[in-house]
Amino acid sequence: MSSVKEQLDKEKLPSHVAIIMDGNGRWAKKRGNARVFGHRNGVKAVREVTEAAAELGVKFLTLYAFSTENWNRPKNEIDALMSLLVSTIASETKTLMDNNVMLKSIGCKETLPKSVQEKLASCKEQTKNNDGLTLVLALSYSSRWEIIEGVKKIALEIKNNNLEPSDINSEVFGQYLETANMPDPELLIRTSGEFRISNFLLWQIAYSELYFSDVLWPDFRKEHFFEALLDYQGRERRFGKISDQVKK
Ligand code: IPE
Ligand code: IPE
Ligand code: MG
């Protein structure tokens, strides 16, 4: 029996995979621990999927790490998550270098603590010449925030006579989003058995294939990632056409 990885068609890999990493709190609770214990144990899963994506040659991996709405969690959990971010970015920079990974982020950076902003900036700087996978962390991110910010920028361009309303189309609009110059994700994965999008990449997932896994994020491993890709490769992406038109 060949491994799931070996069954993957290397010619049909998505260029961009996005993941809603969910279930840390429930993972910890099942073990009688505080929620932050789950967040800490989620770091290994982040490393695993980053390595797996890099190994395969996926170009972009976007991880939803902290949403705009997550600012409404109890202060102690937010504080723990922010310090975990600082320590993780520092400790994982080596993994990124070893795997030729460039770090990027999307979201409202200004709302993050200075310590997170600084670590993020320094890791981005260190990894900026890596040309394998681009790892995109969604931090203090939500799609409605991103879209509103994009609309504000466009409105300003029009006000300053740099853009005509008739110039706006999907391509142009996409350039005003945080994900400018990134391909849309072909595949979106959510762990922990929840079936919702939670304000993630609403514009960009217009035609993404969705994959829901029951696995709680701290238990997510390379093998689960490969399973998701194999499932994706079995899908027929029709983009509004009929099956006969897209079959080769
Ligand atoms: C995902 O796990 C991580 C973040 C949202 C930061 P959760 O913390 O949402 O875990 P559950 O959903 O409560 O189990
Ligand atoms: C979505 O997870 C945000 C992240 C994974 C960072 P949540 O656990 O916050 O989502 P909801 O609120 O349950 O939909
Ligand atoms: Mg959750």
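The values are calculated or read from the model by the stated rules, or taken from the named source; none is laboratory data. Quantities reported herein were computed from a predicted structural model and do not represent experimental measurements. In this analysis, Cβ positions are derived from the backbone assuming ideal geometry, glycine residues included, and neighbour counts consider all displayed protein chains.
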(request) Take the range 98-123 and flag every residue that is in contact (Cβ under 8 Å) with a residue 40 or more places away in the chain and either surrounded by fewer than 14 Cβ atoms within 10 Å (Cβ to Cβ) or of a type in the set (A, V, I, L, M, F, W, C) (or both). (result) Asn100, Val101, Ile106, Cys108
(request) Look through Asp184, Asp214, Asp219 and report the one residue that is within 16 Å of ligand 3 (Cβ to nearest atom) and touching a residue at least 40 places away in the same chain (Cβ under 8 Å). (result) Asp219
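Considering only residues that are of a type in the set (Ser, Thr, Tyr) and either on the phi > 0 side of the Ramachandran plot or loosely packed, with under 15 Cβ neighbours inside 10 Å (or both), which ones fall in the range 73-94? Spell out the reasoning first.
If we filter the range 73-94 for residues that are of a type in the set (Ser, Thr, Tyr), which is where we start, we get 83, 87-88, 91, 93.
Once the filter is applied, which keeps residues that are of a type in the set (Ser, Thr, Tyr) and either on the phi > 0 side of the Ramachandran plot or loosely packed, with under 15 Cβ neighbours inside 10 Å (or both), the range 73-94 yields Ser83, Ser87, Ser91.
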(request) Report, ordered by the first and then the second residue, all pairs with beta carbons closer than 8 Å, sequence separation of six or more or different chains, a first member in the range 24-46 that is free of Cβ contacts under 8 Å to residues at least 40 places away in the same chain and among the basic types (Lys, Arg), and a second member that is more than 9 Å from ligand 1 (Cβ to nearest atom) and part of a helix (DSSP H, G or I). (result) Arg31/Phe37
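Restrict the check to the range 50-72 and report whether at least one residue is within 15 Å of ligand 3 (Cβ to nearest atom), surrounded by fewer than 15 Cβ atoms within 10 Å (Cβ to Cβ) and touching a residue at least 60 places away in the same chain (Cβ under 8 Å).
In the first step, residues of the range 50-72 are kept if they are within 15 Å of ligand 3 (Cβ to nearest atom); the result is 63-72.
Then drop every residue that is not surrounded by fewer than 15 Cβ atoms within 10 Å (Cβ to Cβ), which leaves 69, 71-72.
Still in the running and touching a residue at least 60 places away in the same chain (Cβ under 8 Å): 69, 71.
Yes, that holds for at least one residue.
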(request) Working only within the range 18-42, note down all residues that are more than 20 Å from Ile78 (Cα to Cα) and either touching a Lys or Arg at 6+ places or on another chain (Cβ under 9 Å) or within 15 Å of ligand 2 (Cβ to nearest atom) (or both). (result) Ala18, Ile19
(request) Give the residues of the range 20-37 that are part of a helix (DSSP H, G or I), more than 7 Å from ligand 1 (Cβ to nearest atom) and among the charged types (D, E, K, R), sorted by residue number. (result) Lys29, Lys30
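Within the range 109-136, work out how many residues are hydroxyl-bearing (Ser, Thr, Tyr) and either touching a Leu at 6+ places or on another chain (Cβ under 7 Å) or within 23 Å of Leu56 (Cβ to Cβ) (or both). Write out each step before concluding.
Here is the first cut: in the range 109-136, the ones hydroxyl-bearing (Ser, Thr, Tyr) are 111, 115, 122, 127, 134.
Filter once more, so that each one left must be either touching a Leu at 6+ places or on another chain (Cβ under 7 Å) or within 23 Å of Leu56 (Cβ to Cβ) (or both): 127, 134.
Total meeting the criteria: 2.
On the basis of being among the basic types (Lys, Arg), part of a helix (DSSP H, G or I) and under 25 Å from Pro185 (Cβ atoms), does Arg40 make the cut? Walk me through it before giving the result.
Values: among the basic types (Lys, Arg): yes; part of a helix (DSSP H, G or I): yes; under 25 Å from Pro185 (Cβ atoms): no.
Judged against the criteria, Arg40 is not a match.
Here is a check on your reading of the model: is Phe226 touching a helix residue (DSSP H, G or I) at 6+ places or on another chain (Cβ under 6 Å), more than 16 Å from ligand 3 (Cβ to nearest atom) and farther than 21 Å from Asn70 by Cα? Can you show your working first?
Working: touching a helix residue (DSSP H, G or I) at 6+ places or on another chain (Cβ under 6 Å): yes; more than 16 Å from ligand 3 (Cβ to nearest atom): yes; farther than 21 Å from Asn70 by Cα: yes.
Here the answer is yes, as Phe226 does meet what is asked.
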(message) Quick check on this structure: which one of Leu163, Leu210 is surrounded by 13 or more Cβ atoms within 10 Å (Cβ to Cβ) and in contact with a helix residue (DSSP H, G or I) (Cβ under 6 Å, 6 or more places away or on another chain)?
(response) Leu163
(message) Condition (residue is assigned to a loop (DSSP other than H, G, I, E, B) and not hydroxyl-bearing (Ser, Thr, Tyr)) applied to the range 3-10: is it met by at least one residue?
(response) yes
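Please go through the range 141-172 and pick out each residue that is within 16 Å of ligand 3 (Cβ to nearest atom) and either part of a loop (DSSP other than H, G, I, E, B) or on the phi > 0 side of the Ramachandran plot (or both). Spell out how you get there, then give the answer.
Step one: of the range 141-172, the residues within 16 Å of ligand 3 (Cβ to nearest atom) are 141-142.
Ser142 - this is the single residue of the range 141-172 that is within 16 Å of ligand 3 (Cβ to nearest atom) and either part of a loop (DSSP other than H, G, I, E, B) or on the phi > 0 side of the Ramachandran plot (or both).
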(message) I'd like to verify a number: residues in the range 190-207 that are exposed (fewer than 14 other Cβ atoms within 10 Å of the Cβ) and either more than 16 Å from ligand 2 (Cβ to nearest atom) or at pLDDT below 95 (or both), how many?
(response) 2
